[in-house]
Amino acid sequence: MVGVDQVLEKLSTVIDPDLKKDIVSMGMIKDLELNDNNLKFTLELTTPACPFNVEIEDDVRKAIGELKELKNFDMKVTAKVMEGRSLDADTSMATVKNIIGVASGKGGVGKSTVSLNLALALQQTGAKVGLLDADIYGPSIPLMLGMKSGHMEVEDNKLQPAKYNGLQVVSFGFFAEQSHQAAIYRGPIISGILKQFLVDTNWSDLDYLIVDLPPGTGDIPLTLAQTIPITGILVVTTPQDVASNVAVKAISMFEKLNVPIIGVVENMSHFICPSCNDKHYIFGDGGAQKISEQFKIPFLGEIPLNSGIMSGSDLGKPIMITSPDSPSAIAFRTSAKNIAAQCSILAAKMQDEMKSAETPEDTPKTN
């Protein structure tokens, strides 16, 4: 007769490749029932976007398969995104588990396009996702989503995000009076608008909120970093030295503010020839990889240069929707999974630090 202890011992041999911990100690085994050698439980993964979900599930089945006395085995697989920031310290946004700022050192690297398609890629895994267009000077997300006539309502003194296929979207571009005017505002006003978009919006139970920041190191990135606890910053660059060199400044700023860097994504990384499938590095090679090595931060993906991405953005038809099986969409999906994994790693690290702070010292101090 197989016992519960034997089952848990076998399951504890399964290690989450990202978190480097066994799934039992991580609390990923739920509702375990063992009756007359009939086993049933739920495997609760840390995010539906984990790049190792299939591998973990296969490892669990292999481990349980070694218990030959079992008659039947029934496993349900679910996912619950970990909280990658301190919600106790941010009661104003307690419904958002992870806030990811997307930054770049300079304009022209396709940061908004990357932000949008990563948000859609995360959503397509089953996660609940919001997208905040924080570029008050030049909001572009409504255009990219084909939502130029979109708007946001106010209910109970809270902004209600616009919706795009379930994606919650907030942008200064939804305000009709701003559609044909240049936004000329000083820093304090800009900061106030961003704070309102963050804390006075009815973000409904989000796993991830992607914040598309304007390029550079100005008031808006500073306001985000100083207003609320965030999970971390994703840096977008292109292969050219001029872009990667400027991106370094953004990384340095956030490091000085003690904001975690989730990693770096390289956009317009290469061009895949449609005739021969060869990669052509039009803008150089290895810019993001150099940043990754210099700052010891994860290199999370490379997005190929594709005219469909650009035309889709102009027409309000994101490539994640129109061409979900294209090489570009696959690259966005891979990057999104890697980003979700890094959020889980940061969440696990935060939990360990909280546990350490709560654990009393073994020996009393003596004078």
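Between 355, 290, 279, 365, the distinction of being among the charged types (D, E, K, R), modelled with pLDDT under 90 and in contact with a helix residue (DSSP H, G or I) (Cβ under 7 Å, 6 or more places away or on another chain) belongs to 290 only.
Counting only residues that are more than 11 Å from the chain's Cα centre (by Cα) and closer than 15 Å to residue 301 by Cβ, which one in segment 105-115 is surrounded by the fewest Cβ atoms within 10 Å (Cβ to Cβ)? So, considering only residues that are more than 11 Å from the chain's Cα centre (by Cα) and closer than 15 Å to residue 301 by Cβ, the one surrounded by the fewest Cβ atoms within 10 Å (Cβ to Cβ) is 110.
Taking segment 329-342 as the range and being under 14 Å from residue 52 (Cα atoms) and not aliphatic (A, V, I, L, M) as the test, the residues that pass are 333, 334, 335, 337, 338, 342.
If you filter segment 1-25 down to residues that are among the charged types (D, E, K, R) and closer than 18 Å to residue 68 by Cα, you find that the one that is surrounded by the fewest Cβ atoms within 10 Å (Cβ to Cβ) is 5.
Of the numbered criteria (1) farther than 26 Å from residue 235 by Cα; (2) in contact with an Asp or Glu (Cβ under 7 Å, 6 or more places away or on another chain), the one residue 74 fails is (2). For segment 288-331, the set of residues classified as among the acidic types (Asp, Glu), out of contact with any Leu (no Cβ under 9 Å at 6 or more places or on another chain) and farther than 28 Å from residue 251 by Cα consists of 325 only.
Restricting attention to segment 26-64, the residues being out of contact with any Asp or Glu (no Cβ under 7 Å at 6 or more places or on another chain), loosely packed, with under 13 Cβ neighbours inside 10 Å and under 18 Å from residue 347 (Cβ atoms) number 1. In contact (Cβ under 8 Å) with a residue 12 or more places away in the chain, of a type outside the set (Phe, Trp, Tyr) and either closer than 30 Å to residue 44 by Cβ or touching a Cys at 6+ places or on another chain (Cβ under 6 Å) (or both): does that describe residue 162? The answer is no for residue 162.
There is at least one residue in segment 251-260 that is among the small types (Gly, Ala, Ser) and either at negative phi or surrounded by fewer than 22 Cβ atoms within 10 Å (Cβ to Cβ) (or both). Within segment 202-223, the set of residues being in a strand (DSSP E or B) and crowded, with 22+ Cβ neighbours inside 10 Å comprises 208, 209, 210, 211, 212. The helices (runs of 4 or more DSSP H) located wholly in segment 285-340 that include 1 or more residues which are over 18 Å from residue 112 (Cα atoms) and within 21 Å of the chain's Cα centre (by Cα) occupy 287-295. Being closer than 22 Å to residue 124 by Cα, in a strand (DSSP E or B) and in contact (Cβ under 8 Å) with a residue 24 or more places away in the chain is a property that residue 34 lacks. So for segment 140-149 (the condition being polar (S, T, N, Q) and out of contact with any strand residue (DSSP E or B) (no Cβ under 6 Å at 6 or more places or on another chain)), does at least one residue qualify? Yes, because at least one residue in segment 140-149 is polar (S, T, N, Q) and out of contact with any strand residue (DSSP E or B) (no Cβ under 6 Å at 6 or more places or on another chain). Filtering segment 213-271 to residues that are small (Gly, Ala, Ser) and over 17 Å from residue 195 (Cα atoms) leaves 216, 232, 243, 244, 247, 250, 252, 263, 269.
The values are calculated or read from the model by the stated rules, or taken from the named source; none is laboratory data. Please read these numbers as outputs of a predicted model, since none were measured by experiment. When we count neighbours, we look across all protein chains shown, and the Cβ atoms used for this are built from the backbone with ideal geometry, even at glycine.
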